[in-house]
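Quick notes on the structure that follows.
Computed from the coordinates by the stated procedures, all read-outs in this text should not be read as laboratory data. Just so you know, these numbers come straight off a predicted model, no measurement behind them. Here the Cβ positions follow ideal geometry from the backbone for every residue, glycine too, while neighbour counts run over all protein chains shown.
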Amino acid sequence: MAGRHSSTLTNDLRDLVGFEKVADDPASLQAHSGDKWFASRLPDVVVSATCTRDVSLVLEYASSKSIPVTPRGAGVGYVGGCVPLRGGISLSLAGMTQIKEIHFEDGVAVVEPGVITGHLQAEVRKQGLFYPPDPASLKECSIGGNLATNAGGPRCLKYGVTRQYVLGLEAVLADGRVLRAGGRTHKNKTGFDLVGVFVGSEGLLGVITEATLRLLPLPPARATLSASFATFAEAAAAVQAVFRAGFLPSALEVADAFTLQAAREFCGTKLVPAGEGHLLIDLDGQPASVRSEARALQLILKGSGARSVKKALGEEACEALWELRRRFSASLKATGLVKLNEDIVVPRGRLVDLARFAQELRERSGFPIACFGHAGDGNIHVNIMAARYREDAAVREKVEQALDELFTQVLNWGGAITGEHGVGIAKQRWWNQAVSQTGREVHAALKSALDPAGLLNPDKFVTMTGLR
């Protein structure tokens with residue numbers, strides 16, 4: 001039925017979950033056809049769930065009728081993960097926005113998937129608690145999307161990714177059954193790690209409708225250091241000096257010459273320091289230790305060749321230095337070039353090699369390449385900047401060749417093709433190269449066990465054809 005408007009489908013779903021939750025008008029279908037990547041496909045109908053029961057009823061019905069279902073959150077992903085490639089039902093969780101509980105003594109929050117990440121952080125902060133995962137899009141991305149992709153962000157260096165903060169979850173399986181896994185205890189070794197199976201599964205195994213998240217005590221003090229270097233390679237090398245001295249910052253971000261120049265043109269030279277390499281380092285903890293560590297790191301950075309080092313203490317002053325980092329993406333988009341954001345990961349010791357490789361790829365391909373991101377864990381956003389990408393097939397082919405080179409080199413170094421955005425559609429081409437045959441078969445077996453008809457987020461990177 002995919003690709004055809006079906007009044008029967010719309011009417012059946014309205015009977016199940018209510019008239020106002022189901023839409024098939026052109027504007028609604030278009031709004032649910034894709035994310036921030038370039039691909040799109042109209043669903044046949046949109047269901048905006050407001051509770052677990054809605055999700056369960058829709059999936060049970062879809063399973064009985066063999067109708068594809070593509071779950072989606074805020075729709076701000078970068079890899080086409082919520083594009084409904086077979087049409088069918090686009091199942092939106094954006095309306096499930098309740099923070100059901102914030103419990104200081106237990107150190108947990110219980111939330112629905114539509115809660116915006118930044119909103120959750122602000123609410124737990126009011127109670128002296130801390131939810132560390134901080135994707136750059138935290139003001140617009142949802143917890144459900146973060147769970148689907150195992151999202152990260154700058155603070156991953158010290159605190160880890162989303163998976164480390166999921167104690168329990170509720171998920172609806174492809175046939176409508178409701179699974180509860182884990183709980184609200186901070187330790188639980190009862191059976192398989194089903195929470196881990198679902199976090200990062202990109203909507204292919206089930207639809208998460210509730211999460212119990214681990215919270216930490218809010219660190220009372222914060223410091224930020226902004227250091228400029230002559231080159232990106234020097235900035236990358238300084239990262240190792242920080243670690244050799246025994247420091248573990250909460251965040252350690254790097255940026256290259258193209259990124260900084262775009263920021264100068266977009267934000268003005270007052271916000272952007274001189275030089276072609278930049279490090280941003282965040283520290284948190286108790287006031288005395290944070291001040292002491294900040295002073296020591298200033299000396300380390302200067303000893304590593306930093307041209308200048310600015311220091312900020314306290315939330316407001318630190319955020320002022322972070323404003324530059326938060327504007328990098330907008331600055332690159334303002335160049336007028338199409339920004340192809342690849343969230344590759346290399347072993348941390350390969351950062352200088354990556355800087356050198358990016359320069360060589362820039363010269364070979366002719367495309368400007370902007371590198372910035374999470375130097376502390378090797379997750380660097382390598383952005384190929386292409387003119388006329390959408391209009392010119394020859395440009396797109398040349399970009400693909402450059403991406404082939406990039407991903408091949410990253411994998412040869414023992415790296416990964418995605419650190420936080422997911423595979424989706426955008427990186428499907430390199431899935432077989434990134435994961436072994438046995439690994440693909442295990443993925444396919446899990447998919448087959450939980451979604452035997454292949455109806456959940458179909459035609460993405462895992463298919464049952466991977467089974468022998």
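The label point for ASP25 and the one for PHE192, both projected 7 Å from the Cα toward the Cβ, are 4.4 nm apart.
Relative to the dominant Cα principal axis of the chain, helix 437-450 is inclined by about 40°.
Counting other C-beta atoms within 10 Å, which of ILE300, ILE417 has the fewest, and how do the rest follow?
Numbers: ILE300 19, ILE417 23.
The order, fewest Cβ neighbours first, is ILE300, ILE417.
Qualifying GluC sites (Glu not before Pro) in the stretch 42-130, where qualification requires a DSSP coil assignment and no more than 11 other C-beta atoms within 10 Å, comprise GLU105. For the stretch 60-175, lysine pairs separated by 8 or more sequence positions, or belonging to different chains, with Cα-Cα distances below 24 Å total 5.
Legend: ranking of residues PHE192, PHE407, PHE266 from fewest to most surrounding C-beta atoms inside 10 Å; resulting order PHE192, PHE266, PHE407. When each of ARG307, ARG390 is scored by the number of other beta-carbon atoms lying within 10 Å, the sequence from fewest to most is ARG390, ARG307. Could you pull out every residue, at least 5 positions away or on a different chain, whose amide H is within less than 5 Å of the one on ALA221? Hs are placed 1.01 Å off N in the peptide plane, and Pro or chain starts have none. Placed amide hydrogens put GLY285 under 5 Å from ALA221.
The alpha-carbon of LYS447 sits under 17 angstrom from the alpha-carbons of these lysines, leaving out residues fewer than 8 places away in its chain: LYS460.
Taking Cα centroids, how far is the stretch 410-468 from the stretch 325-374 in Å? Here the answer is 25 Å between Cα centres. Apply the a/c threshold of 1.5 to the C-alpha gyration tensor of the stretch 7-92 and tell me whether it is rounded, prolate or oblate. Judged from the Cα gyration tensor, the stretch 7-92 comes out prolate (a/c at least 1.5, a/b above b/c).
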